[in-house]
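> Got a structure here, written out as structure tokens. Questions coming.
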Amino acid sequence: MWEPDPSWRRLTGAGGPSSAGLWLAEADGRPWVVKRLEVPDGSNRSLLDPAHAGYWRREAEVAADPSYVDGPGLVPPGFGPVQEDDEGVTLWSEEVTGEPPPGLFVARALGRFAAAPYDAPPWASRRLLDDRLALAAERGGWPTLARTTLADVTARLWQRRERWLARCAEGPQGRVHGDAVPSNFVAVRGEDAVAVDWQCCGTGPVGADLGYYALSSREEFDVLLSTFLDGAGPGVDSDAATDAARVTAVYSVVSTAEWALAQVARGEGALAGKYRHPAVAPHLRALQRQFPQIEALL
């Protein structure tokens, strides 16, 4: 049975359905980040689908051959050994230290990354938002938000989701990081941002990464979008990229708010009294921040 070395220090932030942990280790006089991925037990077939957002060994494929994600715009850290056994895969990557890039730097880097020519490998994710909304559909859509004052708005958005997903699929496609949150952009390397946590990377609508990034960046959506388009260059369809960014932002933030509110809704008390719960309030504020984008999709 695989076990981490006792000298390794456990780190937080090892998300993902197949992740068994993240550690800081020392080897050959250098610090390394070690991540363990476990072979799925077969109960969730989507984890075995290379095109699915949750494909279990995508990060191992990136570490073994990072050429697909190696710029321009975003670059990975240096990778070390990829150690496979019957129970899973252990990945080694260089610890990256330095000042995280500013939000507008990341936005421009995401544009450059999305617009560059690419040849997608077999393990690239291909339907990130579709897969995430399919998971929401299995849970009945957004039933908790249907009990709030946003019921009519969220019902309208849910009814129109297939239309908007189809619109995005018809637009230009490019490379996506897949989990574009500020904590995954850890340093600057020349004109590129060093990005970690490539578990969802693949292809998707140009603009999708920017929409997801806008949910947790301090900068406003329109400013980020303008900078993204500047990085992507004049060859990108700005209207299609705007749609993709907006659709990703709106459907992601509503789904997250639904999930957070559903967790506390099971307890006693009126639902409205739980809006200020510390596990809910940040997600509701993020949703409120995207009201202009929501209105554009209704």
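> If amide hydrogens are placed 1.01 Å from N in the peptide plane, which non-local residues have theirs closer than 5 Å to the one on Ala187?
Here Val194 satisfy the definition.
> Ignoring ligands, DNA and RNA, what percent of the accessible area of the chain is carbon or sulfur (1.4 Å)?
Details: 7210 of 14370 Å².
It is 50 percent, rounded to a whole number.
> Now for a separate question. What is the distance, in nm, between label points placed 7 Å from the Cα along the Cα-to-Cβ direction at Ser238 and at Ala270?
Computed distance between label sites Ser238 and Ala270 equals 4.7 nm.
> To the nearest µm²/s, what D does Stokes-Einstein give for the chain at 25 °C and 0.890 mPa s, using the Kirkwood radius over alpha carbon pairs as Rh? List each step's numbers first, then the result.
Details: Rh = 20.0 Å.
After rounding, the answer is 122 µm²/s.
> Which value, in debye to the nearest 20, describes the size of the charge dipole of the chain about its Cα centre when Lys and Arg Cβ atoms bear +1, Asp and Glu Cβ atoms bear -1, and nothing else is charged?
On the way: 29 positive and 40 negative charges, 267 e Å.
That gives a dipole near 1280 debye.
> Just the number please: accessible area per residue for the chain, 1.4 Å probe, all protein chains included, in Å². Walk me through the numbers before you get to the answer.
Values: 14370 Å² over 298 residues.
Counting only protein heavy atoms, the per-residue value for the chain is 48 Å².
> Could you work out the relative contact order of region 108-225? I mean the mean sequence separation of Cα pairs under 8 Å and 6+ apart, divided by the number of residues, in percent.
Computed over region 108-225, the figure is 34 percent.
> I've got another one for you. Please compute the contact order of region 152-298 in relative form: average sequence separation of alpha-carbon pairs under 8 Å and at least six residues apart, divided by the residue count, as a percent. Could the numbers behind the result be given before it?
Working: 168 pairs, mean separation 33.7, N = 147.
Once normalised by length, the contact order is 23 percent.
> Using Cα pairs under 8 angstrom and six or more residues apart, how large is the relative contact order of the chain, in percent?
Working: 533 pairs, mean separation 53.8, N = 298.
This gives 18 percent for the chain.
> While we're on this one: What are the ³J(HN,Hα) couplings of region 182-195, residue after residue, when phi is run through the Karplus curve with 6.51, -1.76, 1.60 and θ = phi - 60°? Round to Hz, x for glycine and proline.
Karplus-based 3J(HN,Hα) across region 182-195 equals x, 5, 8, 10, 9, 6, 10, 10, x, 8, 10, 9, 7, 10 Hz.
> Given a Förster distance of 51 Å, report the FRET efficiency between Met1 and Asp152 from their Cβ-Cβ distance, rounded to the nearest 0.05. Could you put the intermediate results ahead of the total?
Working: r = 52 Å, r/R0 = 1.03.
Working from the Cβ atoms, E equals 0.45.
> What is the extension gain from Glu99 to Ala120, computed as 0.36 nm multiplied by their sequence separation minus the C-alpha to C-alpha distance, in nm to one decimal?
4.5 nm
> Compute the FRET efficiency between Trp8 and Glu191 as 1/(1 + (r/R0)^6), taking r as their Cβ-Cβ distance and R0 = 41 Å, and round to the nearest 0.05.
Calculated transfer efficiency: 0.75.
> May I pose another question? On a 0 to 90 degree scale, rounded to 10, what angle separates helix 128-138 from the longest Cα axis of the chain?
The helix 128-138 is inclined about 60 degrees to the chain.
> For a label point 7 angstrom out from the Cα of Asp230 toward its Cβ, which stretches of region 70-104 have the backbone nitrogen within less than 12 Å?
104
> Taking the dipole about the Cα centre of region 53-137, with the C-beta of Lys and Arg at +1 and of Asp and Glu at -1, give me whichever of Pro81, Ala63, Leu128 is farthest to the positive side.
Projecting each Cα onto the dipole axis, the largest value belongs to Leu128.
> Just from its helices, what would the mean residue ellipticity at 222 nm be for the chain, if runs of 4 or more DSSP H residues each count -39500 (n - 2.57) and the sum is divided by every residue, rounded to the nearest 500 deg cm²/dmol?
Details: 10 runs with 113 residues, N = 298.
Taking each H run of at least 4 residues, the total per residue is -11500 deg cm²/dmol.
> Which angle from 0 to 90°, rounded to the nearest 10, does the C-alpha axis of helix 238-265 make with the longest principal axis of the chain?
Computed tilt is about 90 degrees.
> If each of Glu84 and Ala262 carries a label point 7 Å out from its Cα toward its Cβ, how far apart are those two points in nm?
3.5 nm
> Over all pairs of distinct alpha carbons, what does the Kirkwood formula give as the hydrodynamic radius of region 184-298, in Å?
15.8 Å
> Would you mind pulling out the separation of the Cα centroids of region 183-198 and region 215-266, in Å?
Their Cα centres are 19 Å away from one another.
> Over its Cα atoms, what ratio of radius of gyration to 2.2 N^0.38 Å does region 1-75 give?
Numbers: Rg = 14.3 Å, N = 75, 2.2 N^0.38 = 11.3 Å.
Rounded to two decimals, the normalised Rg is 1.26.
> Taking the 0 to 90 degree range and rounding to the nearest ten, how far is the long axis of helix 161-170 tilted relative to the main principal axis of the chain, both from C-alpha atoms?
50 degrees
The values are calculated or read from the model by the stated rules, or taken from the named source; none is laboratory data. Note that the structure is predicted; figures quoted are calculated from it, not measured. Backbone-built Cβ (ideal geometry, glycine too); neighbour counts: all protein chains shown. Remember, those area values only see protein heavy atoms, side chains included, never the ligands or the DNA or RNA. Shrake-Rupley method; radii C 1.70, N 1.55, O 1.52, S 1.80 Å.
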